[in-house]
Amino acid sequence: MKNRDKTAVGDISPWPYFWGPFDEFQAISQKGFSSDAWMVHCERYHLSIMGASPLDVFIKNLKKIVKIMIGRGFRTVVPSLIERKISAGARVLDIGGGWGDNFYQLKLDKVNVHAGTYTVLDNERQAAFGKTIFSENEISFLSEIPQTHFDIVLLISTLQYIEDWKSLFATFDKLDIQYVYISRTPFLYGAPSFCAVQSLTPPTLAYKIGEENLHVIAFAEFEEVCAAHDWRVKKVSRRQNYSKQFRRMPKNKRNVYYQCIILEKIAD
Ligand SMILES: C[S@@+](CC[C@H](N)C(=O)[O-])C[C@H]1O[C@@H](n2cnc3c(N)ncnc32)[C@H](O)[C@@H]1O
């Protein structure tokens, strides 16, 4: 089939790892984010940040400072508004927060995350790994949407994998969320939303571990849905061109950017 990745799991898939568009085909589910291979990636990634040498840390911090200076980054994994809210004790639901890697970054960056305020919603395998790293007092793990109140939702490199992304807005209202922070999600400009297939290739493994459907949301449609649910959309930091990842797509589907966004609930 045209534009379908025929690489077998375990082999090296040709870059870029995004295939489609796929009115013609769907990803073959390999349960990528709960597979053995993904868990190996999680362990390696954890080790790499835990065992980073002083030189690695210095270089990382230097890059961060340069990014902040040119207006393309934040002091930590979240923008300063969200960081301030977290430091003040806001309750955080990190959807797709894996084994707690964003939480780990917040701790590395010395953000004052109050005990009992941080919850990750992701699959059980990653939760089990996270529980070997963090104590119960520091962070909670859930694999179903909770019923309790949260102040902030984080969606970091996750929104694109959620099948029915529009239904999230009803969930935000049910949980009485005030802020949503979205990053590392590809948004499309000048054309309708579409779906592609991604050959999942974690950076620590460099081979294909499975496939996932990847929703590339038209920014205009996203803004409409936000407005309909009373969310103010604030673009934060400069957007990053991501079109090279989509060069297998027809021209009108390549105008894709990463855009960090804060959604703020408009008061009644
Ligand atoms: C690319 S990983 C992001 C991992 C990590 N948090 C990061 O920032 O690199 C996407 C994550 O989204 C999770 N995910 C996908 N669909 C989800 C859903 N419907 N609900 C919650 N998490 C989901 C996956 O299990 C995976 O951990």
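The values are calculated or read from the model by the stated rules, or taken from the named source; none is laboratory data. Please read these numbers as outputs of a predicted model, since none were measured by experiment. All Cβ positions, glycine included, derive from the backbone under ideal geometry; neighbour counts span all protein chains shown.
Criterion first (more than 28 Å from residue 257 (Cβ to Cβ) and either in contact (Cβ under 8 Å) with a residue 40 or more places away in the chain or more than 15 Å from the ligand (Cβ to nearest atom) (or both)) does residue 41 satisfy it? So residue 41 fails the test. Of all the residues in the stretch 126-170, those that are among the small types (Gly, Ala, Ser), closer than 23 Å to residue 261 by Cβ and not in a loop (DSSP other than H, G, I, E, B) number 2. Elements of the type helices (runs of 4 or more DSSP H) sitting completely within the stretch 1-117 and holding at least 2 residues that are more than 20 Å from the chain's Cα centre (by Cα): these cover 36-50, 54-69, 80-87. If the condition is being touching a helix residue (DSSP H, G or I) at 6+ places or on another chain (Cβ under 9 Å) and among the aromatic types (Phe, Trp, Tyr), then the stretch 174-222 contributes 179, 181, 187, 189, 194, 207, 222.
A count restricted to the stretch 141-179 and to residues that are of a type in the set (S, T, N, Q), without any contact (Cβ under 8 Å) to a residue 40 or more places away in the chain and within 15 Å of the ligand (Cβ to nearest atom) stands at 3.
Results for (1) surrounded by 21 or more Cβ atoms within 10 Å (Cβ to Cβ); (2) more than 26 Å from residue 196 (Cα to Cα), shown as yes or no for each residue.
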{"position": "106", "(1), (2)": "yes, yes"}
{"position": "114", "(1), (2)": "no, yes"}
{"position": "117", "(1), (2)": "no, yes"}
{"position": "137", "(1), (2)": "no, yes"}
{"position": "146", "(1), (2)": "no, yes"}
{"position": "149", "(1), (2)": "no, yes"}
{"position": "152", "(1), (2)": "yes, yes"}
{"position": "167", "(1), (2)": "no, no"}
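Each residue in the stretch 189-225 was checked for being out of contact with any Asp or Glu (no Cβ under 8 Å at 6 or more places or on another chain) and among the basic types (Lys, Arg), and 0 pass.
Does residue 146 satisfy the condition of being modelled with pLDDT under 95 and closer than 28 Å to residue 245 by Cβ? No, not satisfied.
Out of 123, 112, one residue alone is within 13 Å of the ligand (Cβ to nearest atom), touching a Ser or Thr at 6+ places or on another chain (Cβ under 6 Å), more than 17 Å from residue 258 (Cβ to Cβ) and not acidic (Asp, Glu). It is 123. Can you confirm whether residue 82 is within 15 Å of the ligand (Cβ to nearest atom) and modelled with pLDDT of 95 or more? Considered against the rule, which asks whether it is within 15 Å of the ligand (Cβ to nearest atom) and modelled with pLDDT of 95 or more, residue 82 comes out as yes.
Suppose we keep only residues that are of a type in the set (A, V, I, L, M) and part of a strand (DSSP E or B) within the stretch 238-268. Which one would you say is nearest to residue 159 (Cα to Cα)?
Checking each candidate, the answer is 261.
The residue of the stretch 185-215 that is modelled with the lowest pLDDT, among those that are more than 14 Å from the ligand (Cβ to nearest atom) and either assigned to a loop (DSSP other than H, G, I, E, B) or surrounded by fewer than 16 Cβ atoms within 10 Å (Cβ to Cβ) (or both), is 206.
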